[in-house]
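A.B. asks: One structure follows; several queries about it will come next.
The values are calculated or read from the model by the stated rules, or taken from the named source; none is laboratory data. Note that the structure is predicted; figures quoted are calculated from it, not measured. Heads up, the Cβs are rebuilt from the backbone with ideal geometry, glycines too, and the neighbour counts pull from every protein chain shown. SASA here: full protein model, heavy atoms, side chains in, ligands and nucleic acids out. Shrake-Rupley method; radii C 1.70, N 1.55, O 1.52, S 1.80 Å.
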Amino acid sequence: MIKFNEKNLDSAPTILVLGYFDGLHRGHQTLFDKARDLAAEKNASISVLTFPESPVLVFKKFNKDLFKHLTSPDKRLALFEEMGVDFLYLTDFTSHFAKLTSHDFIQKYVSHLTIAAIVVGFDYQFGSDHGDIGQFSDYESYQIAQVSDAGEKISSTRIRQAILDGDVSLANQLLGYDYEVSGIVVHGEARGRTIGYPTANIESKHYQYLPAIGVYIVDIEVSGVRYRGMASIGYNDTFGGKNKTLEVNIFDFHDEIYGETVTVYFLKLIRGMIKFDGVDALITQMNSDEKLSREF
């Protein structure tokens, strides 16, 4: 992964894949299926030219959600590697970049690579003149058809909405892998241990989307080992808490892991948040949640 610089590019023939790729979902994956086929056919590498942040930041009034991603930087990099990408070139999407015409974009970026072929998605447009694949007439180019699920296109927007709605099952189906959030285990209120359900309180290190408030079946990876558990995203309403939290009760796990980085994989929503009349009712419900989670 390097910042795009015409003096610092690999000179061997390459299949160039263009797009933003937030989430690298099943729709995106079809582009890389084609890129791998072409790379094998032409004995070429695979390169991606993309942006670290969403282009939307340049066009919309700022709110902090515009910084959020479906994948952490580390996960995004790992997914690109899984897709067979050899060279990942990043360039910032700025006002100056947005003003480039498609011709300027080709001259400033594409022409400096030894292009064996170019692969883009069905809705790819670039440049201030909204150029399409026809602008790449000097290159062998492929535009990959839309991928649908349940009659609706697979898109990052659709996946984000599913996560915000708590429908992590749908999000995972569209992504082609389990949605995950990484973070550091920090000290919380420590109330869980008083009712037999100690939790790891996790503070995300990255701007990622947290699913809707509720209780989820999850897996959690600690020191390279994946455990089953159940997660609560909410405000601790039963105890009158006000801070939004991500807490995971890890099954059959008894170590202290403060300060460690862990990854939570969201598998299924169990229920929304309920305000309980007392601790006994809460414990009864948590026993039921645990049974569902272990059996999933």
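A.B. asks: What net charge do the residues around Ile133 carry, taking every other residue with its C-beta under 15 Å from that of Ile133, with Lys and Arg at +1 and Asp and Glu at -1?
C.D. replies: Here the charged neighbours net out to -4.
A.B. asks: Go ahead and run the numbers for FRET between Asp123 and Ile213, Cβ-Cβ distance against an R0 of 25 Å, rounding to 0.05.
C.D. replies: FRET efficiency, Asp123 to Ile213: 0.15.
A.B. asks: If the convex hull of the alpha-carbon atoms of the range 1-157 is projected onto planes in all directions, what is the mean projected area in square nanometres?
C.D. replies: Hull-based average projected area comes out at 9.5 nm².
A.B. asks: Could you report the chain's accessible area per residue, 1.4 Å probe, as an integer in Å²?
C.D. replies: Result: 51 Å² of accessible area for each residue.
A.B. asks: Counting Lys +1, Arg +1, Asp -1, Glu -1, what net charge surrounds Phe93 among other residues with beta carbon under 14 Å of its beta carbon?
C.D. replies: Taking every other residue near Phe93 into account, the sum is +1.
A.B. asks: With +1 on each Lys and Arg Cβ and -1 on each Asp and Glu Cβ, how big is the dipole of the range 201-296 about its Cα centre, in debye rounded to the nearest 20?
C.D. replies: The dipole magnitude comes to about 380 debye.
A.B. asks: Next up: Please arrange His187, His25, His112, His103 by accessible surface area, largest first, computed with a 1.4 Å probe and ligands excluded.
C.D. replies: His187, His103, His112, His25
A.B. asks: Placing unit charges on C-beta atoms (Lys and Arg positive, Asp and Glu negative, everything else neutral), compute the dipole magnitude of the range 141-234 about its Cα centre in debye, rounded to 20.
C.D. replies: My answer is approximately 160 debye.
A.B. asks: Could I ask something else about it? Cα atoms only, the range 145-296: Rg and Dmax in Å?
C.D. replies: 15.7, 54
A.B. asks: For the chain, what is the calculated [θ] at 222 nm in deg cm²/dmol (nearest 500), taking -39500 (n - 2.57) for each run of four or more DSSP H residues and dividing by its residue count?
C.D. replies: Counting only the DSSP helices, I get -7500 deg cm²/dmol.
A.B. asks: Here is a further query. Quick check for me: using +1 on Lys/Arg Cβ and -1 on Asp/Glu Cβ, what's the dipole size of the chain about its Cα centre, in debye to the nearest 20?
C.D. replies: Taking the Cα centre of the chain as origin, the dipole is about 600 debye.
A.B. asks: One quarter of the convex hull surface, Cα atoms only: what value does that give for the range 90-144 in nm²?
C.D. replies: Averaged projected hull area, Cα only: 3.8 nm².
A.B. asks: Quantify, in whole percent, the carbon and sulfur part of the accessible surface of the chain (1.4 Å probe; protein heavy atoms only).
C.D. replies: Carbon-and-sulfur percentage of accessible area, whole number: 48.
A.B. asks: Note the angle between two axes, namely the Cα long axis of helix 279-295 and the longest principal axis of the Cα atoms of the chain, as a number of degrees from 0 to 90, rounded to the nearest 10.
C.D. replies: 50 degrees
A.B. asks: Okay, next question. Once amide H atoms are placed 1.01 Å from N in the peptide plane, what residues at a sequence separation of 5 or more from Tyr179, or on another chain, have their amide H within under 5 Å of its amide H?
C.D. replies: Result for Tyr179 returns Asn172, Phe266.
A.B. asks: Taking K and R as +1 and D and E as -1, what net charge do the other residues with C-beta under 13 Å from the C-beta of Thr50 add up to?
C.D. replies: Every neighbour counted, the sum reads -1.
A.B. asks: Once each part is reduced to its C-alpha centroid, what is the distance from the range 97-121 to the range 202-218 in angstrom?
C.D. replies: 37 Å
A.B. asks: Taking only Cα atoms of the range 128-210, what ratio of Rg to Rh do you get with Rh as the Kirkwood inverse-distance radius?
C.D. replies: 1.22
A.B. asks: Let me ask something else. Could you tell me what percent of the DSSP beta bridges with both partners in the chain are antiparallel, to the nearest 5?
C.D. replies: Within the chain, antiparallel bridges account for around 65 percent of the total.
A.B. asks: Can you run phi through the Karplus equation (6.51, -1.76, 1.60; θ = phi - 60°) for the range 21-38 and list ³J(HN,Hα) in whole Hz, with x for Gly and Pro?
C.D. replies: Listing the rounded values in order: 6, 7, x, 6, 7, 4, x, 4, 4, 5, 5, 6, 4, 5, 4, 5, 4, 5 Hz.
A.B. asks: For the range 169-189, list residues with backbone N below 14 Å from a point placed 7 Å from the Cα of Glu82 toward its Cβ?
C.D. replies: Residues passing the 14 Å test: 172-181.
A.B. asks: Could you sort out which of Lys64/Lys99; Lys68/Lys268; Lys68/Lys205; Lys268/Lys291 sit more than 20 Å apart by Cα distance in this structure?
C.D. replies: Exceeds cut-off: Lys64/Lys99; Lys68/Lys268.
A.B. asks: Next up: What is the Cα radius of gyration of the range 40-108 over 2.2 N^0.38 Å, N being its residue count?
C.D. replies: Dividing the Cα radius of gyration by 2.2 N^0.38 Å gives 1.34.
A.B. asks: Quick one: 3J(HN,Hα) in Hz for the range 266-272, Karplus 6.51/-1.76/1.60 with θ = phi - 60°, rounded, Gly and Pro as x.
C.D. replies: Along the range 266-272, the couplings run 8, 9, 6, 7, 8, 6, x Hz.
A.B. asks: On to the next question. Of the labelled options (i) 21.2; (ii) 19.8; (iii) 20.5, which one gives Kirkwood radius over Cα pairs in Å as computed for this structure?
C.D. replies: (i)
A.B. asks: Let me ask something additional. So if each residue of separation counts as 0.36 nm, and I subtract the Cα-Cα distance between Ala98 and Lys42, what length gain in nm does that give?
C.D. replies: 16.9 nm
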